[in-house]
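What follows is a single structure, written as structure tokens, with notes after it.
Every read-out reported here was derived from the displayed coordinates using simple, explicitly stated rules and does not represent laboratory data. All values derive from a computational prediction rather than experimental measurement. Here the Cβ positions follow ideal geometry from the backbone for every residue, glycine too, while neighbour counts run over all protein chains shown.
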Amino acid sequence: MSAPAAVKEGAGRAKRGPLISGWGSLAVPLLVLLTLAFLVPMFLIIVRSVTDPVDVGLGNYVTFFTNEADMRVLGNTFYIAVICTVACLAVGYPYAYLMAIVPQRVAGIMLVFVLVPFWSSLLVRTFAWEVILRDTGIINTLLLNLKVITEPLPLIRNTFAVILGMSQILLPFMVLPLYSVMQRIDPELTRAAANLGAGPFAAFRRVFVPLSFPGVTAGCLLVFVLALGFYITPTILGSARETMISRFIADQVQVRVNWGLASAMAVILMVLTFVVLAVASRFVKLRDVYGALGES
Amino acid sequence: MQIRSRSIAALFVVSAISGACGSSATPAPTAAPTAAPTAAVTAAPTDAATAAPSAAYTDAAFCTKPPSAAGQSLTVVSYGGAYQAAQDKAWFQPYAAATGITITQSQDSANATIKSQVESGQVSWDLVDVGNDFGLDANANLLEPIDYSLVPKDQILPGFAATYRVAAITYGIVMAYRSDKFAGAVPQSWADFFDTTKFPGKRGLYDYSTGGVLEIALLADGVAPKDLYPLDVPRALKKLDTIKDSIVWWSSGAKSQEQIGAGEVTMSMMWNGRAWSAKHVDSKPVEIQWNQQLMVADYWVVPKGTPNKAAAMQMLGWMSCANNNGAVSKYITYGPPNKFAAVDPTNKPDLAVSNINDTTVTVNDQYLVTNASQLDELYNAWKTK
């Protein structure tokens, strides 16, 4: 964001020399912060993954890739992140669409509904889900007392509960980018399509949906990447089968104090995330371009 | 424009820094008197120890009237909550009053923090309460050896004083059960814990391979306490598999207490202090079965390179004295590692050390620490399947 701005400023005042000046200089603290707080530690983690313990070489990576539980949990992590992204899109898309077509005032209220949970702590929300879902929770106690059921429903300690809890936390990251794109789609375009003979559904599917793709891409990537880092929610709402890789990383850091292995695990997660993102964004962007061309 | 943008940035920096300082600075209880004759006082105990190695703790005065440490300060770190509050009342406050030392407390003990402090050379913790998985020879590079001229090793229960650590409190990993769920039947052993037909309901278990879960599975399967180590992990996991769908894992003491209190589980492996709190603090129908309890301890360690090593060792020696060691039991049901220490008469029946019998197992920390990665590998493979 800030880099192009800085370049533009510099280009406009080429005679005065400095690459970054004026408003561009506002980006400097962030760049410094990112370098110190992100790039340097990331580099140190990569170094540690091959030097702790001394002479370990790629040993930590071998340990990880030959460990049954680690591989399974890595698979879980991506599986849960994908399901979560799909769930958020399924719920978030209609919601954002509704926000885009209702009057501004109503959209504002709908926005607050999305944001209110966003402002409360992840832990609080996860524990709230636990209180609602567990065997002695609100739903099961109510149904048991009403004699609708005789045994508690299995609402917690399974994939369902994890997806439910994570999706609720991640939903704003889907709805906000979707809404910001949808709100800028000219309603005249769908009307024009209708004029040209498209039914309401065809107009929506062939005009509105393709135009909303940038929002879909942004929302999905945000939710997916954030979901990969979850571990408290799956630990509380899931069973051991829903364990995610960050939990294992945290255990190695805090409990086993085995930072070499923890670093290797973090690097693996990061690299795999980059790979998935690179593949996915390429794929989605191509579709995006085709969609835009096809409709214009 | 430039000036304005700079001043905004400067404001950010300033507020960030002051914010950070505000949150990290722990208020010191008293300002240290700067004029106190520090040097002379600091030297005293160490010199005495060097001159006559056995003098310090055998000298009754050291335990009742410890040498003044006025002007010095110590940062003592434990786990917060009711536990640290008890330690504060039993040890920290009285010791500060007796010696004039300034004790700053932190409540976020973590093995990882000790490691990062020592590795970065910025050691600000002097005396740290850690769990039983830390402080053995595996961590020698992070810790100072305990000064056993000040700490009465021969009075500590066997196995609870090692080169780099000495026990702070002893506790039991016990079977806690809901007395309202089994129509009066009382579970007698870990075998009953695994019998979900006779004792229906879910089971709370501590979610770490080295937290005692493998031990109780083997005890339930009929392994004698003396044959427990080395652990037969496949056998333990096979036993655990019989109740896998009934397990509700917990990973903090507070969580275990809440689970059994809410009735989400009808039985749980718990730290005895937490089970006691479920009954006496939360007023829930929770009882303890002491048979086959696993005896464990929390330990004091001194991070390597602390500038206050001498003061830390002196305080450690004082807390380990028979007359001081049991004081915590007045405020929480955790017992003293010093076998001659007096305990609080009211809480005495609820201490792990008061319930030692021939079924009691002492957890073999050395075995667990040495084999942690193999135990983790097998246990995690089973658990996540």
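Annotations
- Loop chymotrypsin sites (Phe, Trp or Tyr not before Pro), region A:57-164 (other Cβ atoms within 10 Å of the site Cβ: 12 or fewer; DSSP): A:W119
- Going by neighbour counts of Cβ atoms within 10 Å, the residues B:D376, B:D282, A:D55 line up, fewest first, as A:D55, B:D282, B:D376.
- Counted charge near B:K385, where neighbours are those whose Cβ lies closer than 11 Å (Asp, Glu -1; Lys, Arg +1): +2
- Furthest towards positive pole of dipole, A:F248, A:A278, A:L164, structure part the protein assembly as shown, Cβ charges: A:A278
- Cross-link pairs exceeding 24 Å between alpha carbons, from the set B:K284/B:K339; B:K65/B:K89; B:K226/B:K284; B:K153/B:K279; B:K284/B:K385; B:K115/B:K339: B:K284/B:K339; B:K226/B:K284; B:K153/B:K279; B:K284/B:K385; B:K115/B:K339.
- Build a GNM of chain A with springs between Cα atoms under 10 Å apart, and of A:R72, A:R206, A:R247 the one that fluctuates most is A:R206.
- Solution diffusion estimate, µm²/s, Stokes-Einstein, region B:65-104, Kirkwood Rh from C-alpha pairs, 25 °C, viscosity 0.890 mPa s: 235
- In the protein assembly as shown, a dipole from Cβ-located charges (positive for Lys and Arg, negative for Asp and Glu) runs towards its positive end, and of A:V106, B:Q72, A:A37 it is A:V106 whose Cα lies farthest in that direction.
- Restricted to Cα atoms, region A:15-132 shows a radius of gyration and a Dmax of 23.0, 65 angstrom.
- Fewest-first sequence of A:S25, A:S121, B:S373 by Cβ atoms within 10 Å of each Cβ: A:S121, B:S373, A:S25
- Solution diffusion estimate, µm²/s, Stokes-Einstein, region A:139-269, Kirkwood Rh from C-alpha pairs, 20 °C, viscosity 1.002 mPa s: 116
- Mean-position separation - Cα centroids, region B:78-146 and region B:214-267, in angstrom: 30
- All other residues whose Cβ lies under 13 angstrom from that of B:Q72 are scored, Lys and Arg at +1 and Asp and Glu at -1, for a net of 0.
- Peptide A:28-35 shows a mean partner chain C-beta count of 2 within 10 Å per residue C-beta.
- Averaged over peptide A:246-258, the number of partner chain Cβ atoms lying within 10 Å of each residue's Cβ comes to 5.
- For chain A, modelled as a GNM whose springs connect Cα atoms under 10 angstrom apart, the maximal fluctuation among A:Q252, A:Q183, A:Q104 occurs at A:Q104.
- The fraction of Cα-Cα pairs per 10 angstrom bin, counted from 0 for the protein assembly as shown, comes to 3, 12, 19, 22, 19, 13, 7, 3, 1, 0, 0 percent, rounded to whole percents.
- Counting only Cβ charges, +1 for Lys and Arg and -1 for Asp and Glu, the dipole size of region A:59-295 around its Cα centre is about 240 debye.
- Hull volume per residue, based on the alpha-carbon atoms of region A:59-295 and their convex hull, is 157 Å³.
- Spatial separation of Cα centroids for region A:149-168 and region B:309-385, in angstrom: 37
- Residues A:D52, A:D251, sorted so that the one with the fewest Cβ neighbours within 10 Å comes first: A:D52, A:D251
- The protein assembly as shown - charge dipole about Cα centre, Lys and Arg +1 at Cβ, Asp and Glu -1, debye rounded to 20: 2340
- Using θ = phi - 60° and Karplus 6.51 cos²θ - 1.76 cosθ + 1.60, couplings along region A:52-63 (whole Hz; Gly, Pro as x): 10, x, 3, 6, 6, x, 8, x, 4, 5, 4, 3
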